Amino acid sequence: MSPIPLPYRPPYDWGRMMDFWRRRALRGVETVSDEEYRRTVRLPEATGWLTLRPDPSNHRAWLTLSETLSEHDEEIITRVRRQFDLDADSASIDAALRAADPEIAILPGLRLPRAFDPFESAIRTVIGQQVSVAGATTIAGRLIERFGEASDAEGLTHHFPTPARLARAEIGEIATLGMPGKRAETIIRLAAFTAGRGLENFDEAALLAIPGIGPWTVEYIRLRAVGDPDCFPAGDLGIRKALGMKSVAEVTQLAEKWRPYRSYTAMQLWNIQ
(Lines give C-alpha, C1' and ligand atoms only; values in the text may rest on other atoms or scores of the structure.)
Protein backbone atom coordinates (compact mmCIF):
# COMPACT_ATOMS: atom_id res chain seq x y z
CA MET A 1 0.00 0.00 0.00
CA SER A 2 1.07 3.59 -0.59
CA PRO A 3 2.06 5.51 2.55
CA ILE A 4 -0.81 7.33 4.27
CA PRO A 5 -0.12 10.86 5.61
CA LEU A 6 -1.14 11.44 9.24
CA PRO A 7 -1.06 15.19 9.97
CA TYR A 8 -0.76 16.68 13.45
CA ARG A 9 -0.48 20.09 15.11
CA PRO A 10 3.02 21.13 16.22
CA PRO A 11 4.91 21.16 18.47
CA TYR A 12 5.67 17.44 18.67
CA ASP A 13 8.71 16.03 20.49
CA TRP A 14 9.40 13.08 18.21
CA GLY A 15 12.79 12.43 19.81
CA ARG A 16 11.33 11.62 23.19
CA MET A 17 8.37 9.72 21.71
CA MET A 18 10.58 7.43 19.63
CA ASP A 19 12.99 7.00 22.53
CA PHE A 20 10.10 5.90 24.74
CA TRP A 21 9.09 3.17 22.28
CA ARG A 22 12.67 2.16 21.51
CA ARG A 23 13.48 1.48 25.18
CA ARG A 24 10.30 -0.59 25.56
CA ALA A 25 10.19 -2.31 22.16
CA LEU A 26 8.69 -5.79 22.46
CA ARG A 27 11.11 -8.27 20.96
CA GLY A 28 9.64 -9.91 17.88
CA VAL A 29 6.59 -7.60 17.87
CA GLU A 30 8.20 -4.16 17.47
CA THR A 31 11.34 -2.56 16.08
CA VAL A 32 12.10 1.11 16.71
CA SER A 33 14.73 3.57 15.52
CA ASP A 34 14.89 7.38 15.44
CA GLU A 35 13.32 7.33 11.97
CA GLU A 36 10.87 4.43 12.11
CA TYR A 37 8.44 2.49 14.29
CA ARG A 38 7.40 -0.93 13.00
CA ARG A 39 5.16 -3.63 14.50
CA THR A 40 3.03 -6.66 13.80
CA VAL A 41 -0.73 -6.25 13.70
CA ARG A 42 -3.36 -8.84 14.53
CA LEU A 43 -7.05 -8.09 14.03
CA PRO A 44 -9.94 -10.57 14.30
CA GLU A 45 -10.16 -10.63 10.50
CA ALA A 46 -6.53 -10.16 9.39
CA THR A 47 -2.87 -10.04 10.37
CA GLY A 48 0.03 -8.05 8.98
CA TRP A 49 2.38 -5.23 9.87
CA LEU A 50 2.64 -1.44 9.94
CA THR A 51 5.43 1.11 9.70
CA LEU A 52 5.27 4.71 10.94
CA ARG A 53 7.87 7.29 9.84
CA PRO A 54 7.79 10.80 11.35
CA ASP A 55 8.05 13.74 8.94
CA PRO A 56 8.39 16.65 11.40
CA SER A 57 9.38 19.24 8.79
CA ASN A 58 5.90 18.83 7.29
CA HIS A 59 4.05 18.20 10.60
CA ARG A 60 2.91 14.73 9.65
CA ALA A 61 3.85 11.07 9.91
CA TRP A 62 3.68 8.47 7.14
CA LEU A 63 1.88 5.20 7.84
CA THR A 64 2.53 2.17 5.65
CA LEU A 65 0.45 -1.00 5.98
CA SER A 66 0.94 -4.48 4.61
CA GLU A 67 -1.40 -5.43 1.78
CA THR A 68 -3.13 -7.90 4.10
CA LEU A 69 -4.46 -4.93 6.10
CA SER A 70 -5.67 -2.87 3.13
CA GLU A 71 -9.34 -3.31 4.06
CA HIS A 72 -8.73 -2.25 7.67
CA ASP A 73 -6.86 1.00 7.14
CA GLU A 74 -9.41 3.18 8.95
CA GLU A 75 -9.26 1.12 12.14
CA ILE A 76 -5.47 1.07 12.10
CA ILE A 77 -5.21 4.80 11.40
CA THR A 78 -7.43 5.41 14.45
CA ARG A 79 -5.25 3.15 16.59
CA VAL A 80 -1.98 4.70 15.43
CA ARG A 81 -3.22 8.27 15.85
CA ARG A 82 -4.20 7.32 19.39
CA GLN A 83 -0.96 5.44 20.11
CA PHE A 84 1.20 8.41 19.08
CA ASP A 85 -1.25 11.03 20.43
CA LEU A 86 -1.41 12.75 17.05
CA ASP A 87 -4.67 14.56 17.80
CA ALA A 88 -3.45 16.40 20.89
CA ASP A 89 -3.18 20.18 20.87
CA SER A 90 0.20 20.35 22.60
CA ALA A 91 0.46 24.13 22.53
CA SER A 92 -2.86 24.49 24.38
CA ILE A 93 -2.03 21.73 26.86
CA ASP A 94 1.40 23.21 27.64
CA ALA A 95 -0.14 26.68 28.07
CA ALA A 96 -2.82 25.32 30.42
CA LEU A 97 -0.22 23.59 32.59
CA ARG A 98 1.92 26.74 32.77
CA ALA A 99 -1.13 28.77 33.76
CA ALA A 100 -2.09 26.26 36.45
CA ASP A 101 1.45 25.95 37.79
CA PRO A 102 3.95 28.65 36.72
CA GLU A 103 6.79 26.76 38.46
CA ILE A 104 6.41 23.53 36.49
CA ALA A 105 9.10 22.78 33.90
CA ILE A 106 7.52 22.16 30.49
CA LEU A 107 9.12 20.23 27.64
CA PRO A 108 7.21 21.54 24.60
CA GLY A 109 5.34 19.03 22.45
CA LEU A 110 5.59 16.11 24.88
CA ARG A 111 2.81 13.65 23.99
CA LEU A 112 1.24 10.65 25.72
CA PRO A 113 2.56 7.32 24.41
CA ARG A 114 -0.65 5.32 24.40
CA ALA A 115 -1.23 1.69 23.46
CA PHE A 116 -1.81 0.26 20.02
CA ASP A 117 -3.26 -2.77 21.83
CA PRO A 118 -4.62 -2.08 25.36
CA PHE A 119 -4.19 -5.69 26.50
CA GLU A 120 -0.57 -5.73 25.36
CA SER A 121 0.09 -2.58 27.36
CA ALA A 122 -1.74 -3.83 30.46
CA ILE A 123 0.29 -7.06 30.55
CA ARG A 124 3.51 -5.08 30.01
CA THR A 125 2.50 -2.91 32.99
CA VAL A 126 2.09 -5.91 35.28
CA ILE A 127 5.42 -7.36 34.14
CA GLY A 128 7.03 -4.00 34.97
CA GLN A 129 5.92 -3.95 38.61
CA GLN A 130 9.06 -3.25 40.69
CA VAL A 131 11.26 -4.11 37.69
CA SER A 132 13.46 -1.83 35.58
CA VAL A 133 12.36 -0.89 32.06
CA ALA A 134 15.15 -3.04 30.60
CA GLY A 135 14.30 -5.99 32.83
CA ALA A 136 10.60 -5.84 32.06
CA THR A 137 11.32 -5.59 28.33
CA THR A 138 13.47 -8.73 28.50
CA ILE A 139 10.80 -10.70 30.36
CA ALA A 140 8.09 -9.49 27.98
CA GLY A 141 10.20 -10.75 25.08
CA ARG A 142 10.33 -14.20 26.66
CA LEU A 143 6.56 -14.15 27.16
CA ILE A 144 6.05 -13.31 23.49
CA GLU A 145 8.41 -16.04 22.31
CA ARG A 146 6.74 -18.62 24.56
CA PHE A 147 3.06 -17.76 24.00
CA GLY A 148 2.86 -15.50 20.94
CA GLU A 149 1.81 -16.59 17.46
CA ALA A 150 4.40 -16.59 14.68
CA SER A 151 4.48 -13.73 12.16
CA ASP A 152 5.84 -13.87 8.63
CA ALA A 153 6.61 -10.11 8.50
CA GLU A 154 10.22 -9.41 7.64
CA GLY A 155 12.20 -8.71 10.80
CA LEU A 156 9.15 -9.25 13.03
CA THR A 157 8.75 -12.77 14.32
CA HIS A 158 5.65 -12.76 16.55
CA HIS A 159 2.27 -11.35 17.43
CA PHE A 160 1.68 -10.57 21.10
CA PRO A 161 -0.10 -13.41 22.94
CA THR A 162 -3.89 -13.22 22.96
CA PRO A 163 -5.86 -12.88 26.21
CA ALA A 164 -7.33 -16.35 25.63
CA ARG A 165 -3.87 -17.92 25.26
CA LEU A 166 -2.43 -16.36 28.42
CA ALA A 167 -5.61 -17.16 30.36
CA ARG A 168 -4.96 -20.86 29.63
CA ALA A 169 -1.32 -20.75 30.74
CA GLU A 170 -0.07 -22.38 33.92
CA ILE A 171 1.46 -20.25 36.65
CA GLY A 172 4.71 -22.18 36.45
CA GLU A 173 4.97 -21.69 32.69
CA ILE A 174 4.94 -17.92 33.11
CA ALA A 175 6.95 -17.76 36.34
CA THR A 176 9.88 -19.57 34.72
CA LEU A 177 10.24 -16.62 32.34
CA GLY A 178 11.62 -14.58 35.23
CA MET A 179 8.96 -13.40 37.67
CA PRO A 180 7.40 -14.41 41.00
CA GLY A 181 4.57 -16.91 40.90
CA LYS A 182 2.15 -14.32 42.31
CA ARG A 183 2.85 -12.00 39.39
CA ALA A 184 2.43 -14.85 36.94
CA GLU A 185 -0.95 -15.54 38.52
CA THR A 186 -1.87 -11.86 38.13
CA ILE A 187 -1.06 -12.04 34.42
CA ILE A 188 -3.30 -15.09 33.99
CA ARG A 189 -6.15 -13.46 35.91
CA LEU A 190 -5.81 -10.21 33.95
CA ALA A 191 -5.82 -12.18 30.69
CA ALA A 192 -8.99 -14.01 31.74
CA PHE A 193 -10.58 -10.72 32.77
CA THR A 194 -9.74 -9.18 29.38
CA ALA A 195 -10.92 -12.22 27.45
CA GLY A 196 -14.25 -12.05 29.24
CA ARG A 197 -14.88 -8.33 29.58
CA GLY A 198 -12.25 -6.39 27.64
CA LEU A 199 -10.46 -3.24 28.75
CA GLU A 200 -12.41 -0.77 26.63
CA ASN A 201 -14.95 0.06 29.35
CA PHE A 202 -12.52 0.83 32.15
CA ASP A 203 -13.63 -0.63 35.48
CA GLU A 204 -11.21 0.42 38.22
CA ALA A 205 -12.93 -1.54 40.98
CA ALA A 206 -12.93 -4.75 38.94
CA LEU A 207 -9.23 -4.39 38.13
CA LEU A 208 -8.36 -3.69 41.77
CA ALA A 209 -10.17 -6.90 42.69
CA ILE A 210 -7.58 -8.90 40.73
CA PRO A 211 -4.87 -10.07 43.19
CA GLY A 212 -1.59 -8.32 42.43
CA ILE A 213 -3.13 -5.21 40.88
CA GLY A 214 -2.97 -2.12 43.07
CA PRO A 215 -3.53 1.61 42.61
CA TRP A 216 -0.23 2.25 40.74
CA THR A 217 -0.94 -0.51 38.23
CA VAL A 218 -4.51 0.67 37.69
CA GLU A 219 -3.44 4.27 37.13
CA TYR A 220 -0.70 3.25 34.71
CA ILE A 221 -3.07 1.00 32.77
CA ARG A 222 -5.51 3.87 32.71
CA LEU A 223 -2.83 6.23 31.41
CA ARG A 224 -1.18 3.97 28.81
CA ALA A 225 -3.67 1.26 27.86
CA VAL A 226 -6.85 3.32 28.11
CA GLY A 227 -5.21 6.64 27.24
CA ASP A 228 -6.97 8.81 29.83
CA PRO A 229 -5.48 12.35 29.61
CA ASP A 230 -6.32 13.08 33.25
CA CYS A 231 -5.02 10.32 35.51
CA PHE A 232 -2.04 10.41 37.84
CA PRO A 233 -0.05 7.53 39.39
CA ALA A 234 0.74 9.42 42.58
CA GLY A 235 2.56 6.46 44.11
CA ASP A 236 5.08 6.22 41.26
CA LEU A 237 8.63 6.51 42.61
CA GLY A 238 9.88 8.53 39.63
CA ILE A 239 7.12 11.10 40.03
CA ARG A 240 7.68 11.34 43.78
CA LYS A 241 11.41 11.87 43.20
CA ALA A 242 10.71 14.62 40.68
CA LEU A 243 8.50 16.32 43.27
CA GLY A 244 11.01 16.03 46.13
CA MET A 245 9.84 12.68 47.55
CA LYS A 246 6.57 13.97 48.91
CA SER A 247 4.12 11.46 50.37
CA VAL A 248 1.54 9.82 48.12
CA ALA A 249 -1.20 11.86 49.80
CA GLU A 250 0.74 15.10 49.23
CA VAL A 251 1.37 14.22 45.57
CA THR A 252 -2.29 13.35 45.05
CA GLN A 253 -3.35 16.71 46.47
CA LEU A 254 -0.70 18.60 44.50
CA ALA A 255 -1.84 17.00 41.25
CA GLU A 256 -5.33 18.46 41.56
CA LYS A 257 -4.15 21.77 40.10
CA TRP A 258 -3.01 20.01 36.92
CA ARG A 259 -6.50 18.81 35.96
CA PRO A 260 -7.65 18.06 33.26
CA TYR A 261 -4.14 17.20 32.00
CA ARG A 262 -2.62 15.25 34.87
CA SER A 263 -1.43 12.48 32.53
CA TYR A 264 0.56 15.02 30.53
CA THR A 265 2.00 16.38 33.77
CA ALA A 266 3.10 12.87 34.72
CA MET A 267 4.92 12.57 31.38
CA GLN A 268 6.62 15.93 32.01
CA LEU A 269 7.74 14.84 35.49
CA TRP A 270 9.09 11.50 34.22
CA ASN A 271 11.08 13.27 31.53
CA ILE A 272 12.62 16.12 33.54
CA GLN A 273 14.43 13.85 35.99
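The values are calculated or read from the model by the stated rules, or taken from the named source; none is laboratory data. Keep in mind that what you see is a predicted model, and the values were worked out from it rather than measured. Counting neighbours? That spans all protein chains shown, and the Cβs are built from the backbone with ideal geometry, glycine included.
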Exercise. Does segment 27-42 include one or more residues that are farther than 24 Å from Gly141 by Cα, in a loop (DSSP other than H, G, I, E, B) and in contact with a helix residue (DSSP H, G or I) (Cβ under 8 Å, 6 or more places away or on another chain)?
Worked result: no
Seminar exercise, completed: The helices (runs of 4 or more DSSP H) lying entirely within segment 64-132 that contain at least 2 residues which are over 30 Å from Glu185 (Cβ atoms) are 73-83, 90-100
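Yes/no per residue for (1) hydrophobic (A, V, I, L, M, F, W, C); (2) under 24 Å from Asp89 (Cα atoms); (3) buried (at least 17 other Cβ atoms within 10 Å of the Cβ); (4) within 21 Å of the chain's Cα centre (by Cα):
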{"site": "Ile171", "(1), (2), (3), (4)": "yes, no, no, no"}
{"site": "Leu190", "(1), (2), (3), (4)": "yes, no, yes, yes"}
{"site": "Gly198", "(1), (2), (3), (4)": "no, no, no, yes"}
{"site": "Asp203", "(1), (2), (3), (4)": "no, no, no, yes"}
{"site": "Val226", "(1), (2), (3), (4)": "yes, yes, yes, yes"}
{"site": "Gly244", "(1), (2), (3), (4)": "no, no, no, no"}
{"site": "Glu250", "(1), (2), (3), (4)": "no, no, no, no"}
{"site": "Lys257", "(1), (2), (3), (4)": "no, yes, no, no"}
Seminar exercise, completed: Over segment 61-93, the set of residues of a type in the set (D, E, K, R), within 20 Å of Ser2 (Cβ to Cβ) and surrounded by fewer than 17 Cβ atoms within 10 Å (Cβ to Cβ) is Glu67, Glu71, Asp73, Glu74, Glu75
Problem set entry | Residue satisfying condition, being farther than 28 Å from Pro163 by Cα, part of a loop (DSSP other than H, G, I, E, B) and small (Gly, Ala, Ser), within set Ala266, Ala234, Ala255 | Ala234
Exercise. Which condition number in (1) over 25 Å from Thr47 (Cα atoms); (2) surrounded by 15 or more Cβ atoms within 10 Å (Cβ to Cβ) is the one that Ala122 fails?
Worked result: (1)
Exercise. Are any of the residues in segment 216-224 surrounded by fewer than 17 Cβ atoms within 10 Å (Cβ to Cβ) and acidic (Asp, Glu)?
Worked result: no
Exercise. Quick one: what pairs do we get from segment 250-273, first residue farther than 17 Å from Gly238 by Cα, second small (Gly, Ala, Ser) and in a helix (DSSP H, G or I), C-beta under 9 Å, 6+ apart or different chains?
Worked result: Lys257/Ala100; Trp258/Ala96; Trp258/Ala100; Trp258/Ala266; Arg259/Ala100; Pro260/Ala96; Tyr261/Ala96; Tyr261/Ala100
Seminar exercise, completed: Counting only residues in segment 148-166 that are of a type in the set (A, V, I, L, M, F, W, C) and closer than 23 Å to Ser66 by Cβ, the one surrounded by the fewest Cβ atoms within 10 Å (Cβ to Cβ) is identified as Ala150
Problem set entry | Given (1) in contact with a Ser or Thr (Cβ under 9 Å, 6 or more places away or on another chain); (2) within 28 Å of Ile106 (Cβ to Cβ); (3) of a type outside the set (Ser, Thr, Tyr); (4) crowded, with 19+ Cβ neighbours inside 10 Å, index of the condition Trp21 fails | (1)
Seminar exercise, completed: Among residues of segment 94-110 being within 13 Å of Pro10 (Cα to Cα) and surrounded by 16 or more Cβ atoms within 10 Å (Cβ to Cβ), the residue nearest to the chain's Cα centre (by Cα) is Leu110
For this session: Report, by residue number, each residue of segment 1-20 that is of a type in the set (A, V, I, L, M, F, W, C) and not in a helix (DSSP H, G or I).
Result: Met1, Ile4, Leu6
For this session: Pull up segment 112-143, narrow it to residues that are touching a residue at least 40 places away in the same chain (Cβ under 8 Å) and among the hydroxyl-bearing types (Ser, Thr, Tyr), then point me to the one that is farthest from Met17 (Cα to Cα).
Result: Thr138
Exercise. Which one of Glu30, Glu67 is farther than 30 Å from Arg259 by Cβ, in contact with a Lys or Arg (Cβ under 7 Å, 6 or more places away or on another chain) and modelled with pLDDT of 95 or more?
Worked result: Glu30
